[in-house]
Every structure is written in C-alpha cells, then in structure tokens.
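The structure appears right after this line, and notes come after that.
The values are calculated or read from the model by the stated rules, or taken from the named source; none is laboratory data. Only a predicted model underlies this, so the values are computations on that prediction, with no experimental measurement involved. Neighbour counts are summed over all protein chains in view; Cβ atoms, including those assigned to glycine, are modelled from backbone coordinates with ideal geometry.
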Amino acid sequence: MQFAIEQMRAYYRRWVPESYRRRFYEARCRFLVTIQQWLYDRVPDRYVQAYQFKRVFGRRLNWNSPSSFNEKIHWIRRYYRHPIMTQLADKYGVREYVADKVGAQFLKDLYGVWDYPAAVDFERLPGSFVLKVTWGSGQSIFCRDRSTLDLAKTRLQLGEWMKRGYYWLFREWAYKNITPRILCEEFLLDETSRIPTDYKFFCFNGEPLFIQVVTNRFSNHRRHIFDLGWKHLPFNIGYSTNCDDIPKPSTLEAMISVGRTLSRGFPFVRVDLYSVGARVIFGEMTWYPDGGCLKFIPEVYDRILGEALILPRRNE
C-alpha cells in the first residue's frame with residue numbers, strides 16, 4: 001500500500017506542472033483554513049473563554065464565584081452587556097462620547113472616515129498619520145512619511161482587517177456589532193519626536209485605582225505601575241517590576257479627572273490617555289485588558305485587585 005502511494009506521488013510530481021501543483025496546494029490550504037474558521041466560529045463564547053483562561057493559568061475558570069481580577073474580567077466578558085459598550089469600543093464611535101463627556105479638545109485630529117480601502121484618498125492626507133479599522137484592536141498603520149507609503153500594500157492590509165472583526169478572534173463582546181470602517185487620525189509624537197508615553201488608568205466603579213505607564217512601545221518596551229500619587233506600586237503586569245525614574249507628568253491631575261469622568265457608570269474599564277506637553281489626549285477605552293489573561297507579577301495581585309472589582313448583578 002505504501003509503495004502504491006509513493007508511486008502515485010511520483011506520477012503526480014512528474015506529470016502535473018509545478019505551477020498547477022502550487023495552485024492546488026494553496027487552494028487546499030485556503031479550504032482547510034476556511035473549514036477551521038467555520039468550526040471555530042460555531043463554538044459558543046463561554047467555551048472559547050474557558051479554553052483561553054485554562055491555557056494561560058492552568059486551571060478552570062470559576063464562573064459562579066469569580067474572585068481574581070482575571071476571573072472577573074472574564075465574567076464581564078460573558079455577562080455584562082451595557083448597550084453603549086459597542087459605541088465605545090468603536091474607534092470612531094467613541095469620539096462622540098468623549099467629546100460629550102469631557103470635550104473635543106481631548107481627541108486626536110481626525111482626517112477621514114471611509115467604508116472601504118479604495119475610498120481612502122491618500123493625496124488629501126497630511127504627511128504623517130495613523131490608519132486603523134474601527135472594529136479592531138492593535139490593527140493600526142503608522143505612517144511617518146506619506147511619500148514613502150506603499151499604497152497598494154496599505155489598501156491590501158486594510159482590506160484584510162475589514163474582512164473579519166476583532167470579536168471573532170477572541171470573542172470580546174463589545175466588538176461584536178461594530179460597523180467596520182477605516183479611520184485616519186493624527187500621528188502623535190512627543191517633544192523628542194517619539195511615540196508618546198501611554199498612561200493606562202485602571203478604573204473600578206468610576207474611580208481610577210492605579211496607572212500602568214507604558215514607555216518605548218516600539219523599541220525598549222517598558223511597563224511601570226504607579227498609584228494616583230505617583231508612587232511605584234510593588235507589582236507589574238507582564239513584565240518584571242522595575243523602579244525606573246519616570247517623571248510625574250504635569251497633566252497627571254487632568255488625566256485622573258478625565259479617567260474618572262469617562263469611566264463613571266461601569267464596574268471596570270481601562271482608560272488610555274497620552275500627555276504631550278500641556279495637552280491630554282484620549283487613546284481608547286477597554287473593558288477586557290488582555291482578554292482577562294493578565295500576568296500579574298507577583299501573582300497575589302490578581303487576587304488583591306479582584307477584591308477591588310465589584311461585579312454588578314447579572315440582570316443589571
């Protein structure tokens with residue numbers, strides 16, 4: 001039997017041109033990916049979440065009595081369904097909410113919104129900008145110089161991101177019903193022409209509790225945890241604790257106020273902000289940091305912060 005199979009393979013390689021063999025192989029791969037995706041899409045969200053949690057933490061997810069921070073984030077993913085969350089997870093829709101709550105001065109400059117890649121008029125865009133899709137996370141194209149941008153490749157990438165929403169990757173409910181669009185905003189740089197420091201405010205029941213400070217995001221990536229008084233806290237998330245001397249931003253009180261206002265009414269939300277000079281700039285809001293799979297160092301802070309997160313009733 002094995003000899004017959006080898007003979008068939010030999011005849012196939014001999015009589016079928018390589019170009020046809022390559023096309024058949026690519027078609028087979030696409031078919032298998034499509035089938036795999038089709039099957040994955042039909043697995044209920046709760047099973048996907050349970051698998052994600054066990055893969056990271058090595059234990060079963062406690063749905064009935066969640067106690068750790070990560071368990072409670074998974075509970076929020078499954079049960080908390082505030083109707084405005086879809087708008088706020090939408091990279092374009094959230095702008096209206098921010099302008100209404102704290103003012104349009106906290107928003108990045110907007111250059112355009114389009115329904116499909118071919119509609120993007122690059123000639124009308126400034127020299128630098130950021131392109132992103134409204135229903136994505138981490139799906140951004142940073143352009144420092146428009147004259148060097150590969151337009152065909154950019155449109156192709158945007159088209160790929162427009163095909164499948166972020167919800168289907170990790171089953172984070174807030175992204176599920178977002179209308180896919182392409183958004184173009186200003187390219188933020190600090191006073192040294194670098195990507196500005198990212199200040200992530202972890203807000204519990206409308207009150208910022210601590211700040212995750214992310215520096216050098218695309219080079220020597222570092223994370224630091226501070227309290228609201230700008231004192232280092234003895235834990236970190238995903239990175240070993242360090243005590244780098246990070247200067248207190250002059251806009252800290254303004255950022256705390258923005259985080260408090262935007263998070264009001266939610267059991268938990270992380271509000272991401274930037275500080276450039278005297279300007280505070282809104283980044284995004286997220287209810288599920290790392291999908292509820294944050295690696296706290298030391299681990300005990302997963303439990304400590306879980307105590308601070310008070311979950312609503314399931315029918316609220």
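Residues that are over 15 Å from the mean Cα position of the chain (by Cα), surrounded by fewer than 16 Cβ atoms within 10 Å (Cβ to Cβ) and modelled with pLDDT of 95 or more do occur in the stretch 214-227, at least one of them. Just one of the numbered conditions (1) within 15 Å of the chain's Cα centre (by Cα); (2) farther than 24 Å from residue 261 by Cα is not true of residue 126: (1).
Among all residues of the stretch 231-246, there is at least one that is part of a strand (DSSP E or B) and touching a Leu at 6+ places or on another chain (Cβ under 7 Å). Identify, please: which residue in the stretch 251-279 is charged (D, E, K, R) and part of a helix (DSSP H, G or I) and is, among those, surrounded by the fewest Cβ atoms within 10 Å (Cβ to Cβ)? Within the stretch 251-279, the match that is surrounded by the fewest Cβ atoms within 10 Å (Cβ to Cβ) is 253.
Restricting the stretch 229-239 to residues that are at negative phi and surrounded by fewer than 16 Cβ atoms within 10 Å (Cβ to Cβ), the residue that is nearest to the chain's Cα centre (by Cα) is 239. The one condition from (1) in the same structural domain as residue 90 (by TED's automatic domain parsing); (2) in contact (Cβ under 8 Å) with a residue 40 or more places away in the chain; (3) in contact with a strand residue (DSSP E or B) (Cβ under 8 Å, 6 or more places away or on another chain) that residue 168 does not meet is (3). If you filter the stretch 38-56 down to residues that are in contact with a helix residue (DSSP H, G or I) (Cβ under 9 Å, 6 or more places away or on another chain) and exposed (fewer than 12 other Cβ atoms within 10 Å of the Cβ), you find that the one that is modelled with the lowest pLDDT is 41. Taking the conditions exactly as written (under 30 Å from residue 104 (Cβ atoms) and among the hydrophobic types (A, V, I, L, M, F, W, C)), does residue 268 satisfy them or not? So residue 268 fits the description; yes.
Pairs linking a residue in the stretch 112-129 that is in contact (Cβ under 8 Å) with a residue 24 or more places away in the chain to a residue that is small (Gly, Ala, Ser), with Cβ atoms under 8 Å and 6 or more positions apart or on different chains, are 116/159; 117/159; 120/112; 125/112. Summed over the stretch 57-71, residues that are buried (at least 16 other Cβ atoms within 10 Å of the Cβ) and not aromatic (Phe, Trp, Tyr) total 5. Is it fair to say residue 114 is among the aromatic types (Phe, Trp, Tyr) and under 17 Å from the mean Cα position of the chain (by Cα)? It is false that residue 114 is among the aromatic types (Phe, Trp, Tyr) and under 17 Å from the mean Cα position of the chain (by Cα).
Given 113, 94, 102, which one is touching a Phe, Trp or Tyr at 6+ places or on another chain (Cβ under 6 Å), in the same structural domain as residue 150 (by TED's automatic domain parsing) and farther than 16 Å from residue 289 by Cβ? Full working, then the answer.
Working: 94 fails: touching a Phe, Trp or Tyr at 6+ places or on another chain (Cβ under 6 Å); 102 fails: touching a Phe, Trp or Tyr at 6+ places or on another chain (Cβ under 6 Å).
That would be 113, the only listed residue that is touching a Phe, Trp or Tyr at 6+ places or on another chain (Cβ under 6 Å), in the same structural domain as residue 150 (by TED's automatic domain parsing) and farther than 16 Å from residue 289 by Cβ.
The criterion of at least 1 residues that are small (Gly, Ala, Ser) and within 30 Å of residue 278 (Cα to Cα) is met by the following strands (runs of 3 or more DSSP E) wholly inside the stretch 86-173: 110-114, 140-143. Among the residues of the stretch 72-85, just one is surrounded by fewer than 22 Cβ atoms within 10 Å (Cβ to Cβ), part of a helix (DSSP H, G or I) and out of contact with any helix residue (DSSP H, G or I) (no Cβ under 7 Å at 6 or more places or on another chain), namely 79.
Provide a single number: the residues in the stretch 91-104 that are surrounded by fewer than 16 Cβ atoms within 10 Å (Cβ to Cβ) and touching a residue at least 60 places away in the same chain (Cβ under 8 Å). Spell out how you get there, then give the answer.
Keep residues of the stretch 91-104 that are surrounded by fewer than 16 Cβ atoms within 10 Å (Cβ to Cβ), which gives 96, 99-101, 103-104.
Restricting the remaining residues to those that are touching a residue at least 60 places away in the same chain (Cβ under 8 Å) gives 101.
Result for the stretch 91-104: 1.
Filtering the stretch 174-228 down to residues that are of a type in the set (Val, Ile, Thr) and assigned to a strand (DSSP E or B), which residue is farthest from residue 117 (Cα to Cα)? The extreme case among them is 225.
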